[in-house]
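No value in this document is a laboratory result; all are computed from the given coordinates. Since the structure is predicted, the reported quantities are computational estimates derived from the model, not experimental observations. Note that each Cβ is placed from the backbone with ideal geometry, even for glycine, and that neighbours are counted across all protein chains shown.
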Ligand code: ATP
Ligand code: RIB
């Protein structure tokens with residue numbers, strides 16, 4: 001079983017503030033961090049640290065080779081990561097006293113994923129393999145459709161919500177938070193999402209994350225819910241990515257829904273007690 005994560009790689013510039021800056025306002029930051037991030041990279045780090053066999057594909061600029069080196073050091077296969085003539089993607093992140101964040105992402109090299117490059121990568125995978133996608137690279141809809149045609153299991157995390165071009169008909173598992181669920185299913189209530197799944201012709205499975213209230217797994221006829229682990233959050237950036245990587249590593253490894261959700265909740269809880277995104281993803285030993 002091979003897992004391909006086709007996703008973004010970013011440099012995160014994180015500003016810790018008392019109160020988020022808003023229109024017309026300038027605020028002082030009392031701490032700054034430059035970290036490794038990008039939803040794709042974070043999820044690959046979590047998959048690798050959880051022990052999964054993950055191949056990362058995506059693009060960086062000449063200025064971003066440290067991201068590839070970091071990902072390799074975490075245990076992901078980065079042989080499909082390619083160089084772009086565009087600069088590496090980056091994110092400007094404000095984190096407030098409660099650990100909540102507000103993010104602006106510049107796509108850069110992440111938006112240079114052509115259909116040709118995507119097809120060349122997908123040629124190395126086959127029926128029975130898995131592909132994990134977020135919405136921070138170009139041509140996500142194309143990759144999902146091609147992977148689906150090949151018989152790969154397609155996982156989609158519709159984050160951020162801007163300009164989604166993926167058809168849910170090409171997706172097997174959606175992993176999303178409350179805001180994304182409201183935008184896609186019209187509700188973040190598990191019962192409503194279940195009704196949506198029952199009504200649709202798809203065999204869609206949904207993982208709905210509810211922040212400090214926990215998470216649930218919804219598929220035709222059943223909802224499994226787990227609470228979050230109580231911790232004092234300092235920076236929630238990457239909590240969803242840590243959850244996704246750990247959940248998929250467990251679930252694809254045959255661990256069952258409840259156990260997979262619980263392990264993912266533990267890993268995500270540890271991650272919110274630390275600053276940064278990829279660097280805050282715990283090791284398997286810490287989670288155990
Ligand atoms: P982000 O965009 O910040 O990475 P998200 O919005 O995609 O996160 P959330 O639903 O906020 O995803 O969080 C994902 C999971 O992380 C939750 O289901 C929960 O298990 C864990 N988590 C998030 N926030 C907290 C918290 N404050 N305390 C404990 N666990 C948390
Ligand atoms: O999910 C967190 C990530 O979102 C950050 O690492 C940032 O790069 C943005 O992509």
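Once the chain from residue 34 to residue 259 is taken as fully extended at 0.36 nm per residue, the excess over their C-alpha distance is 77.6 nm.
Each residue of the range 132-202 gets 80 Å³ once the volume of the Cα convex hull is shared out per residue. Kirkwood analysis of the Cα pair distances in the chain returns a hydrodynamic radius of 18.8 Å. Applying 1/(1 + (r/R0)^6) with r as the Cβ-Cβ distance of residue 19 and residue 225 and R0 = 45 angstrom yields a FRET efficiency of 0.85. Within the listed set 42, 90, 101, the residue fluctuating most in the Gaussian network model of the chain (springs between alpha-carbon atoms under 10 angstrom) is 101. With the simple model of a label 7 Å out from the Cα in the direction of the Cβ, residue 162 to residue 232 spans 3.5 nm. For residue 149 and residue 83, FRET efficiency with R0 = 22 Å and r from the beta-carbon atoms, rounded to 0.05? The calculated FRET efficiency here is 0.20. Label point 7 Å out from residue 195 along Cα-to-Cβ: which residues of the range 166-184 have amide N under 15 Å? Only 182 fall inside the zone, counting backbone N under 15 Å. Here 185, 6 are placed in order of increasing Cβ neighbour count within 10 Å, fewest first, which gives 185, 6. When peptides 213-219, 160-166, 82-88 are sorted by average Cβ neighbour count within 10 Å, with the highest value leading, the order is 213-219, 82-88, 160-166. Comparing Cα centroids, the range 182-203 and the range 101-133 end up 26 angstrom apart.
Return the FRET efficiency for the residue pair residue 72, residue 119: r is the Cβ-Cβ distance, R0 is 30 Å, and the value is rounded to the nearest 0.05. Result of the calculation: an efficiency of 0.80. Helical runs (DSSP H, four residues minimum) scored at -39500 (n - 2.57) apiece and divided by the length of the chain put the mean residue ellipticity at 222 nm at -9500 deg cm²/dmol. The orientation-averaged projected area of the convex hull spanned by the Cα atoms of the range 129-288 comes to 9.1 nm².
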